[in-house]
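I have placed the structure first, in the form of structure tokens, so that the comments after it can refer back to it.
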Amino acid sequence: MTTSPTPADADVVLPCLNEADALPWVLARVPAGWRALVVDNGSTDGSADIARALGATVVHEPRRGFGAACHAGLTAATADVVCFCDCDASLDPAQLVPFVNEVRAGGADLVLGRRRPQRRGTWPAHARAGNLALTRILRRRTGLRLHDLGPLRAARREALLALGLTDRRSGYPLQMVVRAADAGWRIAEHDVSYLPRTGASKVTGTWRGTWQAVRDMSRVLAEAPVAEGTPR
């Protein structure tokens with residue numbers, strides 16, 4: 001993995017909260033020539049030091065929240081195309097390569113990964129249920145026939161910034177999709193492998209956490225249409 005991006009590179013935003021055990025595998029899977037932006041969201045297990053030692057660029061975001069970490073990474077990015085990936089080893093950053101190629105080729109403005117569990121128990125029933133409920137509401141709200149709201153995704157940096165994303169909690173990934181749809185973006189979805197995560201989930205590890213996330217995202221879906229971002 002290299003740490004100095006060139007104009008053809010992509011930046012990968014990796015929101016991180018106590019992912020010391022997962023970081024070595026995740027960073028080893030970042031494609032050569034791409035820059036890993038590990039956004040430390042208040043880790044107490046040395047995650048930031050490990051990421052830095054492994055060649056990643058570390059961004060500190062003291063305000064807790066998945067959206068806060070993601071947006072801090074987006075604002076720190078400099079590459080034309082920015083990717084997002086969880087930092088818990090449940091998703092492989094190497095699978096972002098075709099996503100980035102599709103965005104660069106103009107085939108889509110936002111490419112999302114549809115998670116396909118590789119082992120029994122990887123995706124708990126409560127998390128599946130929450131995801132299904134949200135995709136159905138999203139379809140009614142935007143007309144998009146998506147199957148997943150997973151975190152593996154790629155789009156152009158300037159277009160993402162122009163969306164004016166405001167959610168700093170669990171609703172950030174959904175708000176990105178909703179505002180992109182409102183702005184007329186072409187949104188594609190492709191299967192990706194979903195692996196057993198390393199460590200405990202901070203959001204969807206329990207029914208309570210899942211439905212708190214659903215509530216966050218439901219507020220996003222209640223937003224009036226906003227069409228201020230343009231993909232080009």
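When Thr78 is tested against (1) surrounded by 14 or more Cβ atoms within 10 Å (Cβ to Cβ); (2) at pLDDT 95 or above, exactly one condition is not met: (1).
Going through the range 43-91 one residue at a time, which ones are basic (Lys, Arg) and in a helix (DSSP H, G or I)? Break it down into steps so the answer makes sense when it comes.
The first filter runs over the range 43-91 and keeps only residues basic (Lys, Arg), leaving 52, 63-64.
Within the range 43-91, just Arg52 meets the criteria.
Taking the criterion of being part of a loop (DSSP other than H, G, I, E, B) and without any contact (Cβ under 8 Å) to a residue 40 or more places away in the chain, the residues of the range 9-33 that qualify are Ala20, Ala32, Gly33. State whether the residues of the range 111-119 include one that is in a helix (DSSP H, G or I) and surrounded by 15 or more Cβ atoms within 10 Å (Cβ to Cβ). No: zero hits. Sub-8 Å Cβ pairs linking a first residue in the range 82-108 that is under 24 Å from Phe66 (Cα atoms) to a second residue that is of a type in the set (Asp, Glu) and open to solvent by less than 10 Å² (accessible area, probe 1.4 Å), at least 6 apart or interchain, are Val82/Asp11; Cys83/Asp11, ordered by first then second residue. For the range 89-102, give me each residue that is open to solvent by less than 10 Å² (accessible area, probe 1.4 Å) and either within 12 Å of the chain's Cα centre (by Cα) or polar (S, T, N, Q) (or both). Of everything in the range 89-102, those that are open to solvent by less than 10 Å² (accessible area, probe 1.4 Å) and either within 12 Å of the chain's Cα centre (by Cα) or polar (S, T, N, Q) (or both) turn out to be Ser90, Leu91, Pro93, Leu96.
Screening the range 88-133 for residues that are touching a strand residue (DSSP E or B) at 6+ places or on another chain (Cβ under 6 Å) and among the β-branched types (Val, Ile, Thr) and picking the one that is modelled with the lowest pLDDT gives Thr122.
Please find, within the range 150-168, the residue that is nearest to Ala188 (Cα to Cα) out of those that are open to solvent by 10 Å² or more (accessible area, probe 1.4 Å) and in a helix (DSSP H, G or I). For the range 150-168, the residue satisfying everything is Arg157. Given the condition open to solvent by less than 30 Å² (accessible area, probe 1.4 Å), free of Cβ contacts under 8 Å to residues at least 40 places away in the same chain, among the acidic types (Asp, Glu) and under 18 Å from Ala20 (Cβ atoms), answer yes or no: does some residue in the range 47-58 qualify? No: the range 47-58 contains no residue that is open to solvent by less than 30 Å² (accessible area, probe 1.4 Å), free of Cβ contacts under 8 Å to residues at least 40 places away in the same chain, among the acidic types (Asp, Glu) and under 18 Å from Ala20 (Cβ atoms).
Can you find a residue in the range 1-10 that is modelled with pLDDT of 95 or more and farther than 25 Å from Leu144 by Cα? Step through it out loud before you land on a result.
First pass over the range 1-10, keeping only residues modelled with pLDDT of 95 or more: 10.
Filter once more, so that each one left must be farther than 25 Å from Leu144 by Cα: 10.
Yes, because at least one residue in the range 1-10 is modelled with pLDDT of 95 or more and farther than 25 Å from Leu144 by Cα.
The values are calculated or read from the model by the stated rules, or taken from the named source; none is laboratory data. Computed from a predicted model, the values in this text were never measured in an experiment. Here the Cβ is made from the backbone with ideal geometry for all residues, glycine too, and neighbour counts use every protein chain on show. When the accessible area is computed, the model is the full protein with side chains, heavy atoms only, and any ligands, DNA or RNA have been set aside. Shrake-Rupley method; radii C 1.70, N 1.55, O 1.52, S 1.80 Å.
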